[in-house]
Amino acid sequence: MIVGLLRSRVTATCVLPQSIQARCTLMVSAAVLVCLALTGVCLTMAIRQVAEAALYDDIEAVAARWAAEAREGRPPRTIPVTARVDHIQIVDAQGLVLAASRTVVGLPPLTGLRPTVRDRVRETTARRPDGRLLLLTAVRVSPGAGSRYVYAGLAEPPVLAGHRLELVMAALAVPILLLAPRAIASVVGCTLHPVEAIRARMREIGGRTLNLRVPVPPGDDEIARLARAVNEMLSRVERAVTQQRRFAYDAAHELRGPIAGLRAVLEDALAEPGAGDPALTYRRALSSELEAIVDDLLVLAQLRKGDPAPPEQVDLGALASQVAAARPSRPPIRVGLPPCAWVRGSRVQLARVVENLLANAQRHARSRVELVVANADGHTMLSVTDDGVGIAPQDRERVFERFTRLPDARRRDPSGSGLGLAISREIAEAHRGTLRVEDSPVGARFVLRLPGAVASPCRNARRRSEAC
Ligand SMILES: Nc1ncnc2c1ncn2[C@@H]1O[C@H](COP(=O)(O)OP(=O)(O)O)[C@@H](O)[C@H]1O
Ligand SMILES: [Mg+2]
């Protein structure tokens, strides 16, 4: 059955034209043809019925008049004809024609119909000797057994005879049938014109012309909405490509420094072979700066791939405390933790965020760093505050951009990559959280907020605050 369906689909696709305009024109024209045919049939039947009803009204009036004449006196043998009802006969109970109009003189009764007392007026049809159809009404003159009968009628008008009426209707439909496909084709063509313009523009858009946008037709129909959606998508693609290009440029730019250093060390060593300690030369050549940048670039690329972090229940307080404990003790990190702070996510990635925030804070702090984890409104919050120079409001978003390092940081630690906060924010967002710089009376305060996880109760109540 499925094969049959597929086959019929394929056949339908092959039979129908490829262009939407042609398909719509074909299908709407077919629908117009069917509608016209149905309307024509109904209209013809209605016209026929109305016309015949009017004719039978006239015939019945004449028949009733001659039935009254027959009842009241002796009608003339030759019945005078005044109206278009020109076939009139008065017949006795035995079928003998007693009187007739000139058109039917000498003819046998027009019909054998004998209306009953209860149904004294009857309509019928009969064939004339020349083959034409007669519309007839038979009227019973009196209720008695020997009643006479009046037959009155007229030949069917030429317009109703045969299929003339149908032919007239068909002739009227021909211009509609000829004009309809053209009108439909031009309406569909106008409707689809913007699609053609969009298609033409999309062919122009490539890697170097991502700034182009497709034309949006006026109004808010499906095509206008499609064009707007395409333009929004193009804006997103352009933004992403620009970011990628900038990233490649920045990465190359940042790698140039360490590579130049590496080259200088190697050139010195080659200029004076055996002059220095080879182990020291190796160590200087393989600078940790180069390694840090490459490591961070790798992490960022992995995060960008969008692989979901393996979900685990992580006690953010316990994790932060472990990371803080592993850090150098100067300047000291003061830790404030709740009994437990469950979040869902990757332990390794979250540890990387805490590690980076603490490393930055220790680098900039004058005397101390404060690490606080708290639960609030279904969220878990982790803040790292130091008492350093802080970050000016205009730089608070910039520091999350890749390779951004403020002058103070470069002076304190030339080996940083400027990627730590960009990575940390990516991790926070991958965990459906946020990472921001917030106001603080002194120094810088970084706040990580993650959705809290409903988890098992706290395994062991931890101390509320401690100094590492
Ligand atoms: N606690 C802080 N106090 C002042 N400036 C900071 C602090 N943390 C980060 N910054 C600024 O943000 C920049 C980016 O930080 P990050 O992305 O971690 O790179 P890196 O640590 O390699 O410099 C730092 O170079 C520094 O200028
Ligand atoms: Mg850092």
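With a 1.4 Å probe and all protein chains in place, put VAL28, VAL105 in order of accessible area, largest first.
Numbers: VAL28 65, VAL105 90 Å².
Largest accessible area first, the residues go VAL105, VAL28.
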* To do: Averaging over all projection directions, find the projected area of the Cα convex hull of the chain and quote it in nm² with one decimal place.
  => 49.2 nm²
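Computed over the Cα atoms of region 1-204, what is the ratio Rg over Rh, Rh following Kirkwood?
On the way: Rg = 29.8 Å, Rh = 22.0 Å.
So for region 1-204, dividing Rg by the Kirkwood Rh gives 1.35.
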* What accessible surface, in Å², does a 1.4 Å probe find on MET202, ignoring ligands, DNA and RNA and rounding to the nearest 10? -> 90 Å²
* Please work out how much accessible surface ARG236 shows to a 1.4 Å probe, ignoring ligands, DNA and RNA, in Å² rounded to 10. => 130 Å²
* Between region 330-380 and region 208-248, the alpha-carbon center distance in angstrom -> 40 Å
* Estimated dipole of the chain in Debye, rounded to 20 [Cβ of Lys and Arg +1, of Asp and Glu -1, Cα centre] -> 800 debye
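Show me the ranking of peptides 81-89, 214-222 by mean Cβ neighbours inside 10 Å, starting with the highest. Present the calculation step by step, with values, prior to reporting the outcome.
Details: 81-89: 18.1, 214-222: 12.8.
Output ranking for 81-89, 214-222: 81-89, 214-222.
Across all directions of projection, what mean area in square nanometres is found for the Cα convex hull of region 137-219? Write out the running numbers ahead of the final one.
Details: hull surface 51.7 nm².
Seen from a random direction, the Cα hull of region 137-219 projects 12.9 nm² on average.
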* Cut-off under 5 Å, modelled amide H: who pairs with LEU136 long-range -> THR124, THR125, ALA126
* Along principal axes, Cα extents of region 105-248, largest first, whole Å -> 117, 33, 20
* To do: Would you mind telling me the share, in percent, of accessible area of region 1-204 contributed by carbon and sulfur at probe 1.4 angstrom?
  => 65 percent
* For region 68-82, in order, what is each residue's ³J(HN,Hα) by Karplus, 6.51 cos²θ - 1.76 cosθ + 1.60 with θ = phi - 60°, in whole Hz (x at glycine and Pro)? -> 5, 4, 5, 5, 8, x, 10, x, x, 5, 9, 7, x, 10, 10
* Report the extension gain between GLU238 and VAL34 in nm, rounded to one decimal, defined as 0.36 nm multiplied by the number of residues separating them, less their alpha carbon distance. => 68.4 nm
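Could you state the orientation-averaged shadow area of the convex hull built on the Cα atoms of region 205-271, in nm² to one decimal?
Numbers: hull surface 22.9 nm².
Its Cα hull, projected and averaged over all orientations, spans 5.7 nm².
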* Quote to one decimal, in nm, the extra length available between GLN322 and LEU192 on full extension: 0.36 nm per residue of separation minus the C-alpha distance between them. => 40.4 nm
* Rounded to the nearest 500 deg cm²/dmol, what is the calculated helix-only ellipticity per residue at 222 nm for the chain, with -39500 (n - 2.57) per DSSP H run of length n ≥ 4? -> -17000 deg cm²/dmol
* Asked: Relative to the present Cα-Cα distance, how much length would full extension add between ALA374 and ALA68 at 0.36 nm per residue of separation?
  -> 98.9 nm
* Relative to the first principal axis of the alpha-carbon coordinates of the chain, what is the inclination of helix 316-325, with its axis defined by its Cα atoms, in degrees from 0 to 90 and to the nearest 10? -> 30 degrees
* Asked: Mind checking the angle between helix 288-304 and the chain's longest principal axis? C-alpha axes, 0 to 90 degrees, to the nearest 10.
  -> 20 degrees
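Kirkwood hydrodynamic radius of region 355-441 from all distinct Cα pairs, in Å? If you can, show how the numbers build up before the last one.
Working: mean 1/r = 0.0725 Å⁻¹.
Every distinct Cα pair counted, the radius reaches 13.8 Å.
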* To do: Could I have the simple spin-label model distance between ASP57 and LEU96, label points 7 Å from Cα toward Cβ, reported in nm to one decimal?
  => 3.9 nm
* Structure fact -> Phi angles of region 235-250, converted by Karplus (6.51 cos²θ - 1.76 cosθ + 1.60, θ = phi - 60°) into ³J(HN,Hα) in whole Hz with x for Gly and Pro, give 5, 5, 4, 4, 4, 5, 5, 4, 4, 4, 5, 5, 4, 4, 5, 4
* **Backbone HN-Hα couplings from phi across region 192-206 [Karplus 6.51/-1.76/1.60, Hz, Gly and Pro as x]** => 8, 4, x, 5, 5, 5, 5, 4, 4, 5, 5, 5, 7, 7, x
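If you count, for each residue, the other Cβ atoms within 10 Å and average over each peptide, how do 182-192, 141-151 line up from highest to lowest?
My ranking of the peptides, most packed first, is 141-151, 182-192.
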* Asked: How far is it, in nm, from the label point at ARG436 to the one at GLN302 when both lie 7 Å from their Cα along the line to the Cβ?
  -> 3.0 nm
* Divide, for region 309-467, the radius of gyration over alpha carbons by 2.2 N^0.38 Å, where N is the residue count. => 0.99
* To do: Could you do me a favour and compute the accessible area per residue for the chain, 1.4 Å probe, result in Å²?
  => 60 Å²
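Probe radius 1.4 Å, ligands and nucleic acids left out: which of MET233, MET27 has the largest accessible area, and how do the rest follow?
Values: MET233 80, MET27 105 Å².
These residues rank, largest area first, as MET27, MET233.
The values are calculated or read from the model by the stated rules, or taken from the named source; none is laboratory data. Note that the structure is a prediction, hence the values are computed from the model and not measured. FYI the Cβ positions are ideal-geometry reconstructions off the backbone, even for glycines, and counts take in every protein chain you see. In case anyone asks, the SASA skips ligands and DNA or RNA and just uses the protein heavy atoms, side chains included. Shrake-Rupley method; radii C 1.70, N 1.55, O 1.52, S 1.80 Å.
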